[in-house]
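Here the structure comes first, spelled out in structure tokens, and everything after it is commentary.
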């Protein structure tokens, strides 16, 4: 019905753009999941024929890369080249989590589709790699670090999308230690979600481990040492 | 066609069991994705009416929990209570990654469905928590550690399901540092997949960070100190 109203109500062809198509696709993905955000669904939602979309995007893969750009545009890379590398990574990681946690269906989707050449997301990676390498990380290590952090962040985003009591063992006489550990964890949350507490612990552990690795590699060469 | 052949060829009703249903569901999930592994699909594959499945499983959620059990049955928990906690965690984490990487569609599916009371997966968690707590970790910290590691492992399993060149920036003049870092990473792989290299780096960093946290908490109480 909305599509019909739009079709008669406004000059949709004039406003159709790559940006509008991609934003619509992301909204449909959030509302309906991957199988409700195909090219036909996007066209119907925008009140145009599917063929009209192809004047602005090359196809579904291009739309998915556009979604990747929308999500990665919100990563905070402002710390790289300015703050110590570990604080820049921390800022980036938190914003990365927030961007994906706001759009859970993008996690599995973007996790496996190859990056498109020329994507704005590539510029994000360029800045992050430059920040790490300028800080003293070996050139060949930067991408390993970025991907390892991404794995943790994407898994955490998935965890943020799950119910808080997802791992509640219930009344099960066979798992008394799990039950006690679960309850003890909940008592320590102080108003945080379980997923938040685990993200904080994991990020702290990874950064501590990376700092140790950096020092072992001779991090003293760094003009901006770890904080 | 296979279903018809089976229907006439063997006494399927006699062999129908929860185990067979769950194993079939996992196979369909791997072959077709989540939308091809519903109750009707499982019934068709087994050559029975959907209603026959309900004599053995409560419904789709029960099947998914069965899949979770099949996957988590393969986690190696043999180190807990025997090896230093960090080496037990390392063994568990590697087997956990392998189990999920072998069945990529389970990652997003199991990542958000609540654990069923009485699941064999709960016993796995019980053993892991007991190992950590006996080693000296505070009771309330064990689940945070487990979930933080799971986030990293599940994200890594997703990364293992992606093409190796997923992040190749291609010929893009705007990202010279990313391009150089990507190529330098590839030169250092020594036959490993990029996902393997990042998993090793990330796991090492998390374990180093957790050991530091353990020591800061007074890990000296541990009868089996970290290795």
Exercise. Treat the count of other C-beta atoms within 10 Å as a stand-in for reagent exposure and order B:54, B:125 from fewest to most.
Key: B:54, B:125
Quiz item: What is the mean number of Cβ atoms from other protein chains located within 10 Å of the Cβ atom of each residue in peptide B:127-140, rounded to a whole number?
Solution: 4
Quiz prompt | Calculated label separations, residue B:94, copies of the chain, 7 Å along the beta-carbon direction, nm | solution = 3.6
Practice problem: Report, as an integer, the average count of C-beta atoms from other chains found within 10 Å of each Cβ along A:43-56. | Solution: 0
Quiz prompt | Ascending count of other beta-carbon atoms within 10 Å, so fewest first, for B:39, B:124 | solution = B:39, B:124
Quiz item: GNM, chain B, Cα, under 10 Å: largest mean-square fluctuation among B:162, B:180, B:25?
Solution: B:180
Quiz item: To the nearest 0.05, how large is the calculated FRET efficiency for residue A:52 and residue A:27 if R₀ is 25 Å and r is the Cβ-Cβ distance?
Solution: 0.85
Self-check item: Mean residue ellipticity (222 nm) of chain A, computed from DSSP H runs ≥ 4 via -39,500 (n - 2.57), nearest 500
Solution: -21000 deg cm²/dmol
Quiz item: Which whole number gives the average, over all residues in B:185-195, of C-beta atoms from other chains lying within 10 Å of the residue C-beta?
Solution: 3
Quiz item: So what's the gap between the Cα centers of the stretch B:58-79 and the stretch A:161-222, to the nearest angstrom?
Solution: 22
Quiz item: By how many degrees, 0 to 90 and rounded to 10, does the Cα axis of helix A:120-135 deviate from the longest principal axis of chain A?
Solution: 20
Quiz prompt | Highest-MSF residue in chain A out of A:112, A:48, A:146 [GNM, Cα springs under 10 Å] | solution = A:112
Quiz item: With a Cα-only, solvent-free Debye model of the protein assembly as shown, what are the log10 I(q)/I(0) values at q = 0.08, 0.09, 0.14 Å⁻¹?
Solution: -0.52, -0.66, -1.35
Quiz item: Once a ≥ b ≥ c are taken as the square roots of the eigenvalues of the Cα gyration tensor of chain B, is the result rounded (a/c under 1.5), prolate (a/b larger than b/c) or oblate (a/b not larger than b/c)?
Solution: oblate
Quiz item: If the label for residue B:81 sits 7 angstrom from Cα along the Cα-to-Cβ line, what are its distances to the same label in every other copy, in nm to one decimal, shortest first?
Solution: 5.5
Practice problem: Once you have the Cα-Cα distance between residue A:60 and residue A:73, take 0.36 nm times their residue separation minus that, and quote the gain in nm to one decimal. | Solution: 2.7 nm
Exercise. State whether the stretch A:133-219 is rounded, prolate or oblate according to the following rule on the C-alpha gyration tensor (a ≥ b ≥ c being the square roots of its eigenvalues): a/c under 1.5 gives rounded; otherwise a/b larger than b/c gives prolate, and the remaining case gives oblate.
Key: prolate
Self-check item: Selected from B:47, B:66, B:191 as most flexible by GNM, with chain B as the system and alpha-carbon contacts under 10 Å
Solution: B:191
Self-check item: Bins of 5 Å, starting at 0 and running to the largest distance - Cα pair percent for the stretch B:79-147
Solution: 3, 15, 22, 25, 19, 11, 3, 0
Practice problem: Name the shape class, rounded, prolate or oblate, that the alpha-carbon gyration tensor gives for the stretch A:5-105, where a ≥ b ≥ c are the square roots of its eigenvalues, rounded holds for a/c under 1.5, and otherwise prolate holds if a/b is larger than b/c and oblate otherwise. | Solution: prolate
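We did not get these values from a lab; they are worked out from the coordinates using the rules stated. What you see is a predicted model, and the numbers here were worked out from it, not measured in a lab. As a convention, Cβ positions derive from the backbone with ideal geometry for all residues, glycine included, and neighbour counts pool all protein chains shown.
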